[in-house]
Structure formats: structure tokens, C-alpha cells
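K.L.:
Dropping the structure in here first, questions after.
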Amino acid sequence: MASAPGPAIAFETNPARYRHWTLRVEGDCARLVLGVEKFGGLDPAIELKGNSYDLSVDIELADAVQRLRFEHPGVRAVVISSADDRIFCSGANIHSLARSSHTHKVNFCKFTNETRLYIEEASAESGQRYIAACNGATAGGGYELALACDEILLVDDGSSAVSLPEIPLLGVLPGTGGLTRLVDKRSVRPDLVDLFATMAEGVKGKRALGWGLVDAVAPRSRFAEAVEARVDAASTGSRQEAAGPGVSLDDLAPIVEADRIAYRHVSLDFDHGARLAHLTVAGPQVGQPRDGVQAQAEGASWWPLRMARELDDALLRLRFNYPQIGLILLHTRGDIEAAHACGELLAGDGDRWIVRETRLLLARVLRRLDLTARSFFAIVDGESCFAGPLFELLLAADQSYVLDAPAVRSRPGSLSNGLLPGWNGMSRLSTRFLNEPSRVAGILDAGGCGAIASARMDEAGLATVLVDEIDFEDTIRIAVEERASLSPDALTGLEASARFGGPETMATRIFGRLSAWQNWIFTRPNATGEAGALTLYGKPERPRFDYTRT
């Protein structure tokens, strides 16, 4: 199959550059209207019919969700609707999906899932309640987008239906959490979920309401009125205090070269021959803001906010544009005490909205790292700054190599006590020591007293390998070479298994099931073979299935 279409994918945008969405803010209500530009996707040769989407549509949606939280913190209701009178959204564009590589399919679904989960977090943590105003046919990924909202209103006009038609039409499963949300979030009866997911035509009107697939229906003549009633209820029922003025998120504008991507605080240096990249994060300078008022005065330039956005962009570029890079060496540089102080501000001034939102953003970025199918090794040396928020990079790494020398230190802080939870809802420290909670308390207590020296890091379980100065470089070189020699498919499975210990949540179920079915169904001939349903979609030939069950 062909690779993802077009040149390297960029993930930065803003409302003035949107091609598929219109964002309007009216007081405490925001309106996101989907009107997909038919030939405005990643591949301009593919027509995005029926308000269907490719990655370019979801990049804009993710940007809008983030901007509403930072630039318009006073918004309490967000209405997602369609510019098409008869189609809300018909989901992922099948021709675009069918022509994409397996890697792009997986990363596309992963990114879309993350965006849906961020919508749900915006409601739970930022008091921005999302309302899906489904004014027409709502199918596949379009219905999955609606399921990520707090409420779903469907027009009752005798023809508009909600549907998840992937199984009968494409031989695959809904890719952005639809089945999981029906069962886990909406508590739809399992037998109805089973029937619904095998009905290509979907379910309409009052039947959809009765099954729990939507929250309300209204005839077209009263649909706008019904939406406004939900907006009023969301605005008056918000639990969040009134927020101050937002901050404008400026362009990151990294310098992109063949072997390097450089931001203000983050850099990626590639060794393409070794399938290796060095990801370096620079810590804050001394003299950072001491409270939320000063942080808000710095706006988008405030170090943790800017750094988190840069790290997020770097991770997305790694996923989509550098599929051959398999191992990332994590480096940090800077002043440990300044980084620790920044972490304590993020942990302690939660009443200030910008502090809360920056902390939540940082948690989302770290969870993005958790889901990135690359190996991450933390390199801890005399110049490292694994402290405050950057201490979490040490915990997020698959392995850590620590130089045994007096100048080598790290410093955990209050952020690591559950304020930057993983997908399982737990802190990375708690996940690391599932059966040894006393270790967690001991590490946090030690960090409260000052930086932890390298030998103590090893004793505390924070070092995978502690190496003396003579052998440090050779040990890392050998570890890199050995990792590069292993099957990337097996490593992806290993990393996903090791990173997600602890309790299951809706998110871990979504991504666990997503990984399983994408790496199975997307490689099976019944879906993507020459006679597979996804390959032949829209063509006169019928798919030919091998009906053998494993």
C-alpha cells in the first residue's frame, strides 16, 4: 500500500487557517461548525465527500479544543454542528483510509482517539460542556465524535440516523472508541450494541433515543430551539468558577532541517542511519514566575506551557513523519532547582486557571508519549535536569541509564504525586511500584528535602542501569545497538504491555482494544487484501472473505 499522502505533516494551525471548521465564540458559548472542504485534505486528489474527514480535519479540531481552553477559558458550552443541512459527519473518508499505509492508519486512529478523550477532559476538568447537534446523518467516526460529547441531539426527520457501519461495510471495527463508549460511558445494553454495530443503515429518531444512543431528538422545525435549551442548561450548570482573560497561543514555528527540528525549549536530532533520535528538553531559567498571576502575565511564553506545546508537536511529528526512527534518547538540560520550583507552582496554585490548564496540558502530552510506539531511554548525566515536570520524563521512559557520579542528580516533586496521571488514572510513580507504595512515599519525601544523588536513585528504583564514568558511553552505545536490532513490531507490543499496568479505565480499554484490532484486522486480507472490504469500498466488486475463525 502507499504511504500517507503528501509531504511531511504539520500539526500547527489556527482558526484563521482552518479549511474544514469554523469556530465562533459568543460569550460563554462556542460553536464549532464542520464544513469539510472537499479537496482540502492531506491528499488533494481525494474528495472528502459527505463531511467525511482525514487527518487534516482532526488536526483542526484538536487545535480548536486546545484554544478554547487557553484562549477562551470563560466558555461553558461548546456546540459541534454541521454546515451541511443533511449530514452531520459521515466519519473517516474511506478512500483516504484505504490508500494509507498501515502505520498511517494506526497513527490516524490514535490521534483521533486522543482528541476525543481531550474533549471529555475539557468537560470534566475545565467546565466546557460539549453538545453534539446532529442535524443529519451521523455515521462511523462522526458518531464517535458525538459520543465523545456530553450530550447528543439528533434531528428527528424520518431519515437521519446514527450508525457505526464499519463491520458490515468495511470489515473493520469502529476506530475511535465508539463501541467502548457505548458500553462504558452510555451503558447501552450489550445486545443492542451488538445489533447496532452490524446494522449498516443505523438507527433513527425515537428508537435511537430509546436505545440510549442519543440524549434527545427534535423535529427539524424545533431543532435549533432544542440545542439552545441545552446550551443554556450547560452554561448555568457549570461547576467552574469564572475565569480571567485567556492567553493567545502563538505559533511554535520550529526550524525543520533534514537531521534536526529545533524549538525554543525542545530539540530533536536524528541519526537516520541508526534509526535513532535525541530528544532534548531544556528546563526553565532561574527567575521564573512565583505564582499564577505572574504566570498569566507571561502568557504563552511561560516555560511549562511553551515547553509542553513544543514537546507535543515534536511527538506528533515523530509519529507521522519519521516512521523509521525506533529509539528516542531522552535528555534534559538546565537548573534542577528552577525546574523543581516550577513544578511546585504547577502543583500548588491550582486555583489559577492558567496553572490548572497548563498542568492538564502537560499531563496530556506525557500520555501522548505513553502512546507513542517508540522506545524511550532516559539518559541521566551531569548536565541533566530531571526535576519538577521533567522528572516525569524519567518515569515515562522505558529504561533509564544513570551515570554514577557525584554531580548527577534528579529531584521529584509534588507533581509526581498523582497530579500528572497516566491513562490508568495513577501517577507514574505509583504505577512503577504497584506493590510497594512505601517506595513512592519515600521518593517523594526525599525529593522534598532536595535533589537525589545517582547512587540513591539506583537504590530507590529510579535507575534501570547505574554505570560508572568509564563505561557510561559504551554501555549506552551497546544498549542502542541491541535495541535497534530487535523487531519493531515486538517492541511495540512489549512497550504497550509494560507501560499500562494498574487498573483499567475507559481510556486504557479504548487504546488496548485499538492496538489489538488495528494490528490484527488492518493486516488481514478480509479488510485490506486485494479483495478485502476496505480495499473494494465504493467499487462494483463484492469483497471475498475467508470465513475461517481463528
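K.L.:
Among 202, 478, 254, pick out the residue whose Cα is farthest towards the positive end of the charge dipole of the chain, where Lys and Arg carry +1 and Asp and Glu carry -1 on C-beta, about the Cα centre.
P.N.:
202
K.L.:
When the solvent-accessible surface of protein heavy atoms is calculated with a 1.4 angstrom probe, in what order do 105, 38 fall, highest first?
P.N.:
38, 105
K.L.:
In whole Hz, what ³J(HN,Hα) sequence does region 82-97 give by Karplus (6.51, -1.76, 1.60; θ = phi - 60°), x for Gly and Pro?
P.N.:
Karplus-based 3J(HN,Hα) across region 82-97 equals 10, 7, 8, 5, 10, 10, 6, 6, 9, x, 4, 5, 5, 5, 5, 5 Hz.
K.L.:
At a 10 angstrom cut-off on C-beta neighbours, averaged per residue, how do the peptides 223-231, 89-97, 351-359 rank from highest to lowest?
P.N.:
With the highest mean Cβ count within 10 Å placed first, the list reads 89-97, 351-359, 223-231.
K.L.:
With only Lys, Arg, Asp and Glu charged, each at its Cβ (+1 for the first two, -1 for the last two), find how big the charge dipole of the chain is about the Cα centre; round to the nearest 20 debye.
P.N.:
For the chain, the charge dipole is close to 1680 debye.
K.L.:
If you don't mind, another one. At a 10 angstrom cut-off on C-beta neighbours, averaged per residue, how do the peptides 269-275, 212-218 rank from highest to lowest?
P.N.:
My ranking of the peptides, most packed first, is 212-218, 269-275.
K.L.:
Per residue, how much accessible area does the chain have with a 1.4 Å probe, in Å²?
P.N.:
41
K.L.:
Grab the DSSP H runs of the chain that are 4 residues or longer, score each as -39,500 (n - 2.57), total them, divide by all residues and round the 222 nm result to the nearest 500 deg cm²/dmol. Intermediate results must be reported in sequence, preceding the final value.
P.N.:
Details: 21 runs with 226 residues, N = 550.
Theoretical 222 nm ellipticity from helices: -12500 deg cm²/dmol.
K.L.:
Let me ask something additional. Of the peptides 71-82, 323-334, how do they stack up when ordered by the mean number of other Cβ atoms within 10 Å, highest first?
P.N.:
Averaged packing, sorted descending, gives the order 71-82, 323-334.
K.L.:
Placing unit charges on C-beta atoms (Lys and Arg positive, Asp and Glu negative, everything else neutral), compute the dipole magnitude of region 2-131 about its Cα centre in debye, rounded to 20.
P.N.:
Computed charge dipole of region 2-131: roughly 180 debye.
K.L.:
So, one more: If DNA, RNA and ligands are ignored and the probe is 1.4 Å, what is the ranking of 319, 260, 499 by accessible area, most exposed first?
P.N.:
I get 260, 499, 319, largest accessible area first.
K.L.:
Once you sort the root eigenvalues of the Cα gyration tensor of region 78-154 as a ≥ b ≥ c, which label holds: rounded (a/c under 1.5), prolate (a/b larger than b/c) or oblate (the other case)?
P.N.:
oblate
K.L.:
Lys/Arg Cβ at +1, Asp/Glu Cβ at -1, dipole of the chain taken about the Cα centre: which of 529, 284, 23 is farthest positive-ward?
P.N.:
Comparing the listed Cα positions along the dipole, 529 ranks first.
K.L.:
Calculate the dipole size of region 301-386 relative to its Cα centre from +1 charges on Lys and Arg beta carbons and -1 charges on Asp and Glu beta carbons; express the result in debye to the nearest 20.
P.N.:
Using Cβ point charges on Lys, Arg, Asp and Glu, region 301-386 gives about 500 debye.
K.L.:
Students often forget the sequence filter, so: which lysines lie under 22 Å Cα-Cα from residue 185 once same-chain residues fewer than 8 apart are removed?
P.N.:
Output for residue 185: 110, 204, 206.
K.L.:
Once amide H atoms are placed 1.01 Å from N in the peptide plane, what residues at a sequence separation of 5 or more from residue 91, or on another chain, have their amide H within under 5 Å of its amide H?
P.N.:
Close amide H contacts, sequence-distant or interchain: 53, 139, 141, 142.
K.L.:
Follow-up question, since we're still on this one. Could you tell me which trypsin sites (Lys or Arg not before Pro) in region 134-221 are loop residues by DSSP with no more than 16 other beta carbons within 10 angstrom of their beta carbon? Before the final figure, lay out each step's value.
P.N.:
Details: sites: 181, 185, 186, 204, 206, 207, 220; in loops: 186.
For trypsin sites (Lys or Arg not before Pro) across region 134-221 that sit outside H, G, I, E and B with at most 16 neighbouring Cβ atoms in 10 Å, the list reads 186.
K.L.:
Measure nothing but the geometry: give the 0 to 90° angle between the long axis through the Cα atoms of 55-71 and the longest principal axis through the Cα atoms of the chain, rounded to 10°.
P.N.:
70
K.L.:
Towards the positive end of the charge dipole of region 1-112, with charges on Cβ (+1 Lys, Arg; -1 Asp, Glu), say which of 14, 104, 32 has the farthest Cα.
P.N.:
It is 104.
K.L.:
In addition: Report, in degrees rounded to the nearest 10, the 0 to 90 angle that the Cα long axis of helix 223-236 makes with the longest principal axis of the chain.
P.N.:
30
K.L.:
Once the whole set of protein chains is in place, how much accessible area is left on residue 500, using a 1.4 Å probe, in Å² to the nearest 10?
P.N.:
That residue has around 70 Å² of solvent-accessible surface.
K.L.:
Here's another thing I want to ask about it. Going by alpha carbons, how many degrees (0 to 90, nearest 10) lie between the helix axis of 437-449 and the longest principal axis of the chain?
P.N.:
Roughly 60 degrees, rounded to the nearest 10.
K.L.:
With a/c under 1.5 counting as rounded, go ahead and sort region 291-337 into rounded, prolate or oblate using the C-alpha gyration tensor (a ≥ b ≥ c being the square roots of the eigenvalues; past the cut-off, prolate if a/b is larger than b/c, else oblate).
P.N.:
Oblate.
K.L.:
So what's the gap between the Cα centers of region 246-303 and region 16-93, to the nearest angstrom?
P.N.:
Each part reduced to its Cα centre gives a spacing of 27 Å.
K.L.:
How much net charge surrounds residue 529 when only other residues with a Cβ under 10 Å from its Cβ are counted (Lys, Arg +1; Asp, Glu -1)?
P.N.:
Residues near residue 529 contribute 0 overall.
K.L.:
Rounded, prolate or oblate: which one fits region 3-80, using the alpha carbon gyration tensor with axes a ≥ b ≥ c (rounded when a/c is under 1.5, else prolate when a/b beats b/c, else oblate)?
P.N.:
It is prolate, given that a/c is not under 1.5 and a/b is the larger ratio.
K.L.:
Now a separate question. With contacts defined as alpha carbon pairs under 8 Å and 6 or more residues apart, what's the relative contact order of the chain in percent?
P.N.:
This gives 11 percent for the chain.
K.L.:
On the protein heavy atoms, probe 1.4 angstrom, tell me the percent of accessible surface of the chain carried by carbon and sulfur.
P.N.:
Heavy-atom surface of the chain belonging to carbon and sulfur, 1.4 Å probe: 51 percent.
The values are calculated or read from the model by the stated rules, or taken from the named source; none is laboratory data. All figures in this text were calculated on a predicted structure; none of them were measured in a lab. Here Cβ is always computed from backbone atoms with ideal geometry, including for glycine, and neighbour counts include all displayed protein chains. These area figures cover heavy atoms from the full protein model, side chains too; ligands, DNA and RNA do not enter into them. Shrake-Rupley method; radii C 1.70, N 1.55, O 1.52, S 1.80 Å.
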